[in-house]
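Undergrad: Below are the structure tokens for one structure; questions will follow.
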Amino acid sequence: MTFGRPVFDVLVVGAGPAGVLAALRAADLGAKTALITRDEFGGMAANDGPVPVRTLAHAARLLRDARQVGRYGIALSEPVLDYARLLGRVREVVDDVRAHSTLREHVDRLGVTLYERASAARFVDAHTIETERGLRLQADKIILCPGGTSRRLAVPGAELTATHSDAWSLTAVPPSMLVVGGGATGVQVASIFRAFGSRVELYQAGPRILANEDEDVSMAVATALRESGMVVQEDFGTIESFEKTPDGVRMHFVKEGVRHQADAALAVVAVGWMADIAGLNLKSAGVETDSRGYVRVDAYLRTSVPHMFAAGDVTGHPMLVPEAIQDAFVAATNVVRGASTTRGSHVSPIGSFTDPEYAQVGLTGAQARKTHDVVVAVVRFDETTRTIIDGQTAGFCKLIVDRATATILGCHVVGEQAAEIVQVVAIAIAGGLRVDALAQVPLSFPTYAGILGRAAYRASEQLHLDVGRRVYQGEA
Ligand SMILES: Cc1cc2nc3c(=O)[nH]c(=O)nc-3n(C[C@H](O)[C@H](O)[C@H](O)COP(=O)(O)OP(=O)(O)OC[C@H]3O[C@@H](n4cnc5c(N)ncnc54)[C@H](O)[C@@H]3O)c2cc1C
């Protein structure tokens, strides 16, 4: 240490979900804590990720619903999107969510010293950071929560491509769009802009889009996107370059030795999320990264430097707000009390607000079959009352159960309210509920979650478990 006694016990770098929760936990445990962030409080989650993107997705849903009202005897003219007004609404939502967050108040109440919009911080040594604007802070212990950033392609012309964040600076919906990357973000961007009227082509390098989802989910979503008029190219080959054209951008790619090209007004690249550590000068602090470029942590979320911990997207752990929060709690507990708590495995439901919506919790069919003898029950959305009432009959619910113990291993849903439906299964899994017990919960009728009762009943039947009472309930 260069400068006497550090001012803070704990310094947290980054005020996204991970950083905010880490600072709260450290302060709650009595540490004199500082939280510093380059941008707005709330991080990417509040300002550039789930909140604004889901507001766009909600607008896409409203457009879809407006086009369907004729089936219910309501006459509307063709809806017209004013993109500039929609972006105004996005800003309003972001501000509103921020204004209603109690976290900021909590940070103040616990006496955390907050440095917001402080410009980028970089390490001077293992206990000292300095921002671009010259603020210098020191601490005994540090928690790294700088999050992640879009991975860019290393090909000529990559600077001509956009990321999901560029949606905020568009002045109108582009007439055509290439989306490179068929993971959660790419598919979400493609689905939203298709609904807004763009001609969308989605390019996935691997054999299927949504490779982390159950295969049936990937297939159903790809089919639905194609039916919506989107071009979905899986196994499309390798990108060689991008070039500027009078109307936008051209992508050159090669597959099996044959050269192809695709033109659009805009090319959005969503090929992964990497740790946002380029400017942090972690080397000077001695913090090591792993082969994928994320900060290396052990089970206690301790980095290679014993007094530094890390949480959130920067570690490469599942990149979700609940995961960031769970890890932040562990990291901050260990920073203050000494390494004593490890990050356990927890139920982690995931859902995406595409059209169709999809969601999962637990193991996919392929994962479950590797380690268990399973039974699988599938209920289609065109079989259940609420989905028929709402005219939302596309989709299915797939429940995966361990044959030996009747415990629920996973659930995968495509269709309206998919993300809400899997929350119920997450609670069932977390509570260790057997499938026959789930089958006997009298879920409200007619609801989307009611599909779970029927799926659980079918799985129980296959297991020869007595759930006779179920047949007297609405969705048996
Ligand atoms: C398009 C999109 C949609 C998503 N949708 C969902 C969803 O629906 N549900 C879900 O759970 N997750 C979703 N995610 C993922 C989720 O947003 C992240 O997992 C989460 O934000 C990670 O939190 P974090 O605190 O690690 O990082 P972040 O939220 O990225 O926050 C990091 C903070 O660190 C600051 N920072 C970075 N470098 C420095 C520096 N050098 N000095 C000072 N400050 C710095 C940044 O300014 C930022 O405030 C989505 C992500 C994207 C991109």
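Undergrad: Would you please list the contacts, defined by Cβ atoms under 6 Å and residues six or more apart or on different chains, that run from a residue in the range 117-130 that is more than 8 Å from the ligand (Cβ to nearest atom) to a residue that is assigned to a strand (DSSP E or B) and acidic (Asp, Glu)?
TA: The qualifying pairs are 124/130.
Undergrad: In the range 231-278, how many residues are of a type in the set (S, T, N, Q) and either over 25 Å from residue 159 (Cβ atoms) or open to solvent by less than 50 Å² (accessible area, probe 1.4 Å) (or both)?
TA: The qualifying residues number 2.
Undergrad: Can you find a residue in the range 141-151 that is more than 17 Å from residue 16 (Cα to Cα) and among the charged types (D, E, K, R)?
TA: Yes, the range 141-151 contains at least one residue that is more than 17 Å from residue 16 (Cα to Cα) and among the charged types (D, E, K, R).
Undergrad: Report the residue count in the range 126-178 for those that are under 21 Å from the mean Cα position of the chain (by Cα) and of a type in the set (Lys, Arg).
TA: 2
Undergrad: Tell me yes or no: at least one residue of the range 108-129 is acidic (Asp, Glu), open to solvent by 60 Å² or more (accessible area, probe 1.4 Å) and assigned to a loop (DSSP other than H, G, I, E, B).
TA: no
Undergrad: Given the options 218, 228, name the one that is open to solvent by less than 60 Å² (accessible area, probe 1.4 Å), without any contact (Cβ under 8 Å) to a residue 12 or more places away in the chain and either farther than 17 Å from residue 180 by Cα or under 20 Å from the mean Cα position of the chain (by Cα) (or both).
TA: 218
Undergrad: Output the qualifying pairs, or none if there are none: Cβ atoms under 6 angstrom, residues six or more apart or on different chains, first residue in the range 33-45 and closer than 20 Å to residue 96 by Cα, second residue in a loop (DSSP other than H, G, I, E, B) and near the ligand (Cβ under 6 Å from one of its atoms).
TA: Here the result reads 41/15; 43/15; 43/16; 43/147; 44/16; 44/147; 45/16, each pair linking the range 33-45 to a residue that is in a loop (DSSP other than H, G, I, E, B) and near the ligand (Cβ under 6 Å from one of its atoms).
Undergrad: Please list, ordered by first then second residue, the pairs with beta carbon atoms under 7 Å, 6 or more apart or interchain, first in the range 327-339 and in contact (Cβ under 8 Å) with a residue 40 or more places away in the chain, second within 16 Å of the ligand (Cβ to nearest atom) and among the charged types (D, E, K, R).
TA: Hits for this filter: 327/343; 328/25; 329/25; 332/25; 333/25.
Undergrad: Report, by residue number, each residue of the range 130-149 that is open to solvent by less than 20 Å² (accessible area, probe 1.4 Å), within 21 Å of residue 49 (Cβ to Cβ) and part of a strand (DSSP E or B).
TA: Within the range 130-149, 143, 144, 148 qualify.
Undergrad: Please go through the range 298-323 and pick out each residue that is open to solvent by 10 Å² or more (accessible area, probe 1.4 Å), closer than 19 Å to residue 149 by Cβ and among the hydrophobic types (A, V, I, L, M, F, W, C).
TA: Of everything in the range 298-323, those that are open to solvent by 10 Å² or more (accessible area, probe 1.4 Å), closer than 19 Å to residue 149 by Cβ and among the hydrophobic types (A, V, I, L, M, F, W, C) turn out to be 319, 320, 321.
Undergrad: Related question: On the phi > 0 side of the Ramachandran plot and either touching a residue at least 12 places away in the same chain (Cβ under 8 Å) or surrounded by 14 or more Cβ atoms within 10 Å (Cβ to Cβ) (or both): does that describe residue 281?
TA: So residue 281 fits the description; yes.
Undergrad: Inspect the range 43-66 for any residue being away from the ligand (no atom under 15 Å from the Cβ), more than 18 Å from the chain's Cα centre (by Cα) and not aliphatic (A, V, I, L, M) and give the result as yes or no.
TA: yes
Undergrad: Same structure, new question: Check 418, 430 and return the single one that is under 23 Å from residue 322 (Cα atoms), out of contact with any helix residue (DSSP H, G or I) (no Cβ under 8 Å at 6 or more places or on another chain) and buried (at least 23 other Cβ atoms within 10 Å of the Cβ).
TA: The conditions single out 418.
Undergrad: Just give me the residues in the range 356-376 being assigned to a loop (DSSP other than H, G, I, E, B) and either within 13 Å of the ligand (Cβ to nearest atom) or at pLDDT below 95 (or both), in sequence order.
TA: The answer is 357, and nothing else.
Undergrad: Name the pairs whose Cβ atoms lie under 7 Å apart, with the first residue in the range 342-362 and aromatic (Phe, Trp, Tyr), the second in a loop (DSSP other than H, G, I, E, B) and within 12 Å of the ligand (Cβ to nearest atom), and 6 or more positions between them or separate chains?
TA: Going by the 7 Å Cβ cut-off, there are no qualifying pairs.
Undergrad: Separate question: Conditions: (1) away from the ligand (no atom under 16 Å from the Cβ); (2) surrounded by fewer than 16 Cβ atoms within 10 Å (Cβ to Cβ). Residue 153 meets all but one. Number of the miss?
TA: Looking at each condition in turn, residue 153 falls short on (2).
Undergrad: Within the range 366-403, track down each residue that is basic (Lys, Arg) and within 23 Å of the chain's Cα centre (by Cα).
TA: Correct list: 398 only.
Undergrad: May I pose another question? Among the residues of the range 198-231, count how many are under 24 Å from residue 349 (Cα atoms) and of a type in the set (Asp, Glu).
TA: Number satisfying all stated conditions: 4.
The values are calculated or read from the model by the stated rules, or taken from the named source; none is laboratory data. What you see is a predicted model; the values in this text were computed from it and never measured. We place every Cβ from the backbone using ideal geometry, glycine too, and count neighbours over all the protein chains shown. To get the accessible areas, we keep the full protein, side chains included, count just its heavy atoms, and leave off ligands, DNA and RNA. Shrake-Rupley method; radii C 1.70, N 1.55, O 1.52, S 1.80 Å.
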